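Written out below as structure tokens is the structure these notes cover.
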Amino acid sequence: MRFPIGFTMAQMRHRNRMTRLGHKRYPTVLMLEPLYTCNLACLGCSLERHTGKLKDRMPLEKCFQAVDDCGAPIINLCGGEPTLYPELPQLVQGLIERRKYVLCCTNALLLDKKVFGVIPPHPQFYLMIHLDGMRQTHDYVCGREGVFDRAIAMLKEAKRLGYVVMVNTTVFKETEVAEVEEMCKMAEELKADGILLSPGYEYESVERDIFLTKEQIHEKFKAIREFSSKYKINATPYFLEFAAGMRELPCAPWSTVNYTPQGWKAPCYLIGERFIESWEEFWNDTNWEYWESRLNPACQNCKMHSGFEHSAVEEAMKSWKGKIQLAVWSISK
């Protein structure tokens, strides 16, 4: 399967419950950033996400309050580098006890010190290791030599120890499609449990000229779509068609909400017009209809999975053909 069965069932139960309750909009993923401290300064990252002070990290009780308030079944721990969060073991344990699936989005540099032997493998705990290409490209994006080799060594060790391990890849302007396939093949050989591919998007506080225009996204993802069935790529068929310019989708910024050391980021993980401490104010006062429309200039080149994967699934569920295609995709590989 593209995702472990428990992960898929948790999403289905949540969707069915929200549908029964008559909710048109609801979070499916919480991007939880307990800190803005990082041990890398990657080219595609905004300044606040890697220059934060550890003393300014979020206390555990605020993390759990955000999780309880939004109700999403999937918690993506990001930042910053979550393995630098001193309370990470207690946070992961508390999320598992809440029956959440936890994706720890990491550069993998400190897994042997902060995770292995500290946080035991669990079917609800996934390591999401960043690999933005093969050695030369990944080290360039990370701004440091040796990061690729370290990440691969940690991936191998994580699999040996029994962790669920996925690869997270951002496709940038300089990324060659042939290299993306080479990396997917390598991930399969290393027995990674899945590969998440997403086009790089130039959000508000990133000024590096490494991001894709809409036309470049279409060109690269048309080629990626051609080999996607050969590997355990987690993007759904409709999302890949959208990324390739073959269909349009509305944005669903409310499906992947973001809680940060500054509060709830409105309207979405990538665009921060304002930060709001109260969940009720964030959820009720954000103009979701406007942001769904993609009329804002900041949205023009965005085709990130965080905004559109939910819409891709909803579009597929509107017809039997789409449902069958989604089901076949889910159980393949």
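What the table below lists for this structure:
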item: Unit Cα scatterers, Debye sum, segment 5-331: log10 I(q)/I(0) for q = 0.12, 0.15, 0.16 Å⁻¹; result: -0.81, -1.42, -1.69
item: Of all DSSP beta bridges in the chain, antiparallel share, percent nearest 5; result: 20 percent
item: Placed amide H near residue 164: partners under 5 Å, 5+ positions off or other chain; result: 122, 127
item: Under 12 Å, Cβ to Cβ, from residue 57 - net charge with Lys/Arg +1 and Asp/Glu -1; result: -1
item: Three semi-axes of the equivalent ellipsoid, segment 251-333, Cα gyration tensor, whole Å, largest first; result: 29, 14, 12
item: Cα-based Kirkwood hydrodynamic radius, segment 179-280, one decimal, Å; result: 15.8 Å
item: Karplus-derived 3J(HN,Hα), 6.51/-1.76/1.60, for each residue of segment 132-142, Hz, glycine and proline x; result: 9, x, 7, 3, 5, 5, 5, 5, 5, 4, 7
item: Amide proton proximity set for residue 31, modelled H, under 5 Å, gap of 5+; result: 76, 257, 258, 259
item: Under Karplus coefficients 6.51, -1.76 and 1.60, residue-wise ³J(HN,Hα) of segment 244-252 in Hz, glycine/proline x; result: 8, x, 9, 7, 10, 9, x, 7, 10
item: Under 16 Å from residue 185, Cα to Cα: lysines that are on another chain or at least 8 residues apart; result: 156, 230, 232, 333
item: Backbone HN-Hα couplings from phi across segment 270-284 [Karplus 6.51/-1.76/1.60, Hz, Gly and Pro as x]; result: 9, 10, x, 6, 7, 10, 10, 6, 7, 4, 4, 5, 4, 6, 8
item: Those aspartates and glutamates that a straight Cα-Cα span of less than 17 Å connects to residue 55, excepting residues fewer than 8 apart in one chain; result: 33, 81, 87
item: Segment 211-225-segment 264-333 distance, computed between alpha-carbon centres (Å); result: 19 Å
item: Helix-derived mean residue ellipticity, 222 nm - over the chain, DSSP H n ≥ 4, -39500 (n - 2.57), to 500; result: -12000 deg cm²/dmol
item: Kirkwood hydrodynamic radius of segment 1-138, from inverse mean 1/r over distinct Cα pairs, in Å; result: 16.0 Å
item: Protection proxy ranking of 84-93, 97-106, 31-40, 285-294 - average other beta-carbon atoms within 10 Å, highest first; result: 31-40, 97-106, 84-93, 285-294
item: Other-chain or far-sequence residues with amide H under 5 Å of residue 81's (modelled H); result: 37, 38, 39
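Throughout, read-outs are computed from the coordinates displayed, never taken from laboratory work. Here the structure is a predicted model, which is why all the values come from computation and not from measurement. Every residue, glycine among them, receives a Cβ derived from its backbone with ideal geometry; neighbour counts consider all protein chains shown.
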